[in-house]
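Each remark here refers to the structure printed beneath this line.
The values are calculated or read from the model by the stated rules, or taken from the named source; none is laboratory data. Computed from a predicted model, the values in this text were never measured in an experiment. Glycine gets a Cβ as well: all are built from the backbone with ideal geometry, and neighbour counts include every protein chain shown. With ligands, DNA and RNA removed, areas are computed over all heavy atoms of the protein, side chains included. Shrake-Rupley method; radii C 1.70, N 1.55, O 1.52, S 1.80 Å.
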Amino acid sequence: MVDPESFIDEKVAEIGDAIGDDNAVIALSGGVDSSTAAALAYEAVGDQLTPVYVDTGLMRKGETEEIEETFSYMESLRIVDARERFLEALSGITDPEAKRHAIGEGFIREFETVAREVDARFLVQGTIYPDRIESEGTIKSHHNVGGLPEVVDFEGIVEPMRDLYKDEVREVARELGLEAVVSERMPFPGPGLAVRVLGEVTEEKLAVAREANHVVEEELEDHDPWQALAAVLGKATGVKGDNRVHGWVVAVRSVESRDGMTARAQEVDWATLQRIQSRITGENETVSRVVYDVTHKPPATIEYE
């Protein structure tokens, strides 16, 4: 396990040496990984750092507003509205790896644009060890590792937490004094809801996934999952009122894990599952059924794509 105090001292020095007198931008999603990296980089280089949050249109309900409020103390924070550009880039794509590569390239191009505006030569990322392991193997390409384009307009990419697991990142975040809303935040994938929508990403599917994820996170908060989510699988026949509907099938998933490398499906009580399905089908007339995923990792992954 990492010693947080020693790790912070070491990484602040490393970041300072890497960036020197130059400017840098940091990819800030609001999750514990990127937030911890931002805190380390800010301590190292101060106002040479520009945090960039990209609203891809693939975010959770209210996420952009929450990020803007949480990180308002960073005067140089940039909120980039790239929703139309990301949805256009994903149009017609159904292959999961192709999605991740399109999203990875989209992020880099947004960061490059801001970097040119602030004359930044370095990009800081909150990449952690499981991201590298899964991307360098054959499991999936993380948008910030294997999903990166071959050519990027940065002199260097700085990844201070590339050797840490998620639980170690949380320890460092607590040592840095980050608020619990950040340090204990449930993991959320960099590609966002795009990996919770099977097949082509459309605004309709995203709307269903966004509301369903909101319900799942609310209802399972007291169950303390490592990660809980809802995914839009496809369509199936259902009945609402006296009418036949061909509506969306939503899968609910809740897992327990230490580092995300392996996970066990959480045993959720029947009453809670029924409440979740009742809310999801009741609050969205286009959803015809809800299923609960009982598969561990392996053989499944935590996310759907």
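Overview of values
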quantity	calculated
Selection from TYR53, THR36, ALA24 lying farthest towards where the dipole of the stretch 1-67 points positive, charges on Cβ	TYR53
Size of electric dipole in the chain: Cβ of Lys, Arg +1 and of Asp, Glu -1, about Cα centre, debye, nearest 20	1600 debye
Degrees, to the nearest 10: 166-175 long Cα axis against longest axis of the chain	50 degrees
Hz values of 3J(HN,Hα) by residue in the stretch 52-61 - Karplus curve (6.51, -1.76, 1.60), Gly and Pro given as x	10, 9, 9, 7, 8, x, 10, 8, 6, 4
Coarse-grained scattering of the chain at q = 0.11, 0.15 Å⁻¹, given as base-10 log I(q)/I(0) from a Debye sum over alpha-carbon atoms	-0.67, -1.22
Residues whose placed amide H lies under 5 Å from that of VAL197, excluding near-sequence neighbours	VAL232
Rel. contact order, % - alpha carbon contacts under 8 angstrom, at least six apart, the stretch 202-292	30 percent
Size of charge dipole - the stretch 176-298 - debye, nearest 20, with Cβ of Lys, Arg +1 and Asp, Glu -1, no other charges	540 debye
Spatial separation of Cα centroids for the stretch 164-184 and the stretch 58-84, in angstrom	20 Å
Farthest toward positive dipole pole in the chain [+1 Lys/Arg, -1 Asp/Glu at C-beta], among GLN125, VAL290, HIS101	VAL290
For the stretch 227-305, with +1 on Lys and Arg beta carbons and -1 on Asp and Glu, the positive-most of THR281, ALA271, SER257 along the dipole	THR281
Heavy-atom accessible surface of the chain: percent carbon and sulfur, 1.4 Å	46 percent
The chain: antiparallel DSSP beta bridges as a percent of all, rounded to 5	45 percent
Calculated P(r) tail over 18 Å for the stretch 160-233, as whole % of Cα pairs	51 percent
Separation between Cα centres of the stretch 1-47 and the stretch 236-273, rounded to whole Å	38 Å
Mean accessible surface per residue for the stretch 4-183, computed with a 1.4 Å probe while every protein chain stays in place, in Å²	44 Å²
When the stretch 4-183 is reduced to its Cα atoms, the Kirkwood hydrodynamic radius in Å	16.6 Å
Inter-site label distance for HIS223 and ASP47 at 7 Å from Cα along Cβ, in nm	4.8 nm
Debye-sum result for the stretch 202-292 in log10 I(q)/I(0), which assumes one identical scatterer on each alpha carbon, at q = 0.15, 0.16, 0.25 Å⁻¹	-0.56, -0.63, -1.25
Rounded tilt (10° steps) of 4-19 against the dominant C-alpha axis of the chain	70 degrees
Cα-centred dipole magnitude for the stretch 197-267, charges only on beta-carbon of K, R (+1) and D, E (-1), debye, nearest 20	460 debye
Cut-off under 5 Å, modelled amide H: who pairs with LYS235 long-range	VAL249
Long-range lysine pairs (8 or more apart or interchain), the chain, Cα under 27 Å	22
Helix-only CD estimate at 222 nm, as mean residue ellipticity for the chain, using -39500 (n - 2.57) per DSSP H run (n ≥ 4)	-12500 deg cm²/dmol
In order through the stretch 292-298: 3J(HN,Hα) via Karplus (6.51 cos²θ - 1.76 cosθ + 1.60), integer Hz, x for Gly, Pro	10, 8, 9, 8, 7, 10, x
Other-chain or far-sequence residues with amide H under 5 Å of VAL287's (modelled H)	TRP248
Relative contact order, percent, the chain [alpha-carbon distance under 8 Å, six or more residues apart]	17 percent
Crossing angle, helix 270-283 versus the chain [Cα axis fit, 0-90 degrees, rounded to tens]	90 degrees
